[in-house]
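Down below is the structure, laid out as structure tokens.
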Ligand code: SF4
């Protein structure tokens, strides 16, 4: 029996692609990559308002539906280079989709064919589905640059592409593959229905936060402020949480918007200078960067503006330095009109 | 009686899917029959660890939640 590794994002296309090949008697196992930017989990886990929704890992859910094993691989540190220096540039926001695909297929190849005895790799790509990365011209680039060459099968659009080795050698029947193209999702939905799949995830922009305009602008702001294009895993996690307010290039506030976020930010309080209002409930704010002494008053005024005391003349705020020193400040909450929109990252 | 082989994985403070990834890495090195206690704080693990275990043929033996901390015990099975 031939064995295929399917790149499983948790969305419908990769689910269908894996199923189509599985139906042909091929043993399929799934791989899912954790880049640090995945939409999966985080926001749901952090924010209260998302708590009512069923929280599931879509890639694991897909694997269960298909009855296949799913291996989740942490590539977050190597992935940094893809985000920072994409050879083929970015899509609409900071999403380096083409480089990302090449990277993932290459990883799948190393994981499944060099270390285990898999025969080929499959993806749910469809020609024309995404303006930049899923075009007829990019398909061979991904195959070539990943090193997979003709061992990369796209079951959903195979009929529009040159036959690959699994097709030529009869490991799969090309006639039973598909020729989907373009942005129309109807053929995928019909195929899903024929397999009896419902309740599948339909991510809007893409599979990760890098396609999100707001997120991308926060990441760009981080790079601009630090004067270098670099990040740590904690940085990119924190970009998903809270209001980010930058009064000056050398520091910004990350203010929790609700209980769930405050709890999450609490986890970072030993590593960041942080502030909270005393005497009544209010958010927690982490201060990222290197604020000067005189910046603390403004930071405290901003924090007070988001607390229950925002209408009071003065509010007590405690500033907790990383060396354990706690400083008390008594400040006038900033009025909304004094907080320029441009400070919101 | 053979001594019970029990191990512990601390995934507190990690957000999903990291607790699942850490579990997967640890289980890879464990012999069938081992019990693994996974400690976590992200409520997402309540869904994800059982789903991951089902997909790989391991068994969730117990799930406890004490205030913010979650403890899931799985038995590593031959897969
Ligand atoms: S949307 Fe994100 S994860 Fe998906 S291909 Fe593009 S960069 Fe990669």
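Quick rundown of the values:
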{"read-out": "Selection status of residue A:146, more than 14 Å from chain B (Cβ to nearest Cβ) and more than 15 Å from the ligand (Cβ to nearest atom)", "value": "no"}
{"read-out": "Unmet criterion (only one of (1) surrounded by 15 or more Cβ atoms within 10 Å (Cβ to Cβ); (2) within 10 Å of chain A (Cβ to nearest Cβ); (3) farther than 23 Å from residue A:59 by Cα) for residue B:30", "value": "(2)"}
{"read-out": "Residue check, residue A:134 out of contact with any helix residue (DSSP H, G or I) (no Cβ under 6 Å at 6 or more places or on another chain), assigned by TED's automatic domain parsing to the domain that holds residue A:171, within 12 Å of the ligand (Cβ to nearest atom) and closer than 25 Å to residue A:165 by Cβ", "value": "yes"}
{"read-out": "Criterion: surrounded by 18 or more Cβ atoms within 10 Å (Cβ to Cβ) and within 31 Å of the chain's Cα centre (by Cα) - qualifying residue of A:202, A:188", "value": "A:188"}
{"read-out": "Candidates A:253, A:222, filtered to the one that is in a helix (DSSP H, G or I) and under 17 Å from residue A:345 (Cα atoms)", "value": "A:222"}
{"read-out": "One residue from A:249, A:307 being touching a helix residue (DSSP H, G or I) at 6+ places or on another chain (Cβ under 7 Å) and over 20 Å from residue A:325 (Cα atoms)", "value": "A:249"}
{"read-out": "Sole exception among (1) away from every other protein chain (no Cβ under 14 Å); (2) more than 17 Å from the chain's Cα centre (by Cα); (3) more than 11 Å from the ligand (Cβ to nearest atom) for residue A:84, by number", "value": "(2)"}
{"read-out": "Residue match in the stretch A:97-106 (condition: on the phi < 0 side of the Ramachandran plot, more than 12 Å from the ligand (Cβ to nearest atom) and assigned by TED's automatic domain parsing to the domain that holds residue A:17)", "value": "yes"}
{"read-out": "Which listed residue is in contact (Cβ under 8 Å) with a residue 24 or more places away in the chain and not in a helix (DSSP H, G or I), from A:215, A:268, A:264", "value": "A:268"}
{"read-out": "Selection from the stretch A:230-246 of residues that are away from every other protein chain (no Cβ under 14 Å) and within 16 Å of the ligand (Cβ to nearest atom)", "value": "A:231"}
{"read-out": "Count of the stretch B:1-37 residues which are more than 30 Å from residue A:240 (Cα to Cα) and without any contact (Cβ under 8 Å) to a residue 24 or more places away in the chain", "value": "5"}
{"read-out": "Flag if residue A:103 is more than 14 Å from chain B (Cβ to nearest Cβ) and more than 20 Å from residue A:35 (Cβ to Cβ)", "value": "no"}
{"read-out": "Condition met for residue A:257 (under 28 Å from the mean Cα position of the chain (by Cα), modelled with pLDDT under 95 and surrounded by 12 or more Cβ atoms within 10 Å (Cβ to Cβ))", "value": "yes"}
{"read-out": "Residues located in the stretch B:44-79, provided they are buried (at least 16 other Cβ atoms within 10 Å of the Cβ) and in a loop (DSSP other than H, G, I, E, B)", "value": "B:44, B:58, B:76"}
{"read-out": "The stretch B:33-43 - residue that is crowded, with 23+ Cβ neighbours inside 10 Å and touching a strand residue (DSSP E or B) at 6+ places or on another chain (Cβ under 6 Å) and, of those, farthest from the other protein chains (Cβ to nearest Cβ)", "value": "B:38"}
{"read-out": "Total residues in the stretch A:183-212, condition within 13 Å of the ligand (Cβ to nearest atom), part of a loop (DSSP other than H, G, I, E, B) and out of contact with any strand residue (DSSP E or B) (no Cβ under 8 Å at 6 or more places or on another chain)", "value": "4"}
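Residue by residue, here is whether (1) under 25 Å from residue A:170 (Cα atoms); (2) touching a strand residue (DSSP E or B) at 6+ places or on another chain (Cβ under 6 Å) holds:
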residue	(1), (2)
A:108	yes, yes
A:112	yes, yes
A:115	yes, no
A:133	no, no
A:141	yes, no
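The values are calculated or read from the model by the stated rules, or taken from the named source; none is laboratory data. Only a predicted model underlies this, so the values are computations on that prediction, with no experimental measurement involved. Please note: Cβ atoms are built from the backbone with ideal geometry, for glycine as well, and neighbour counts cover all protein chains shown.
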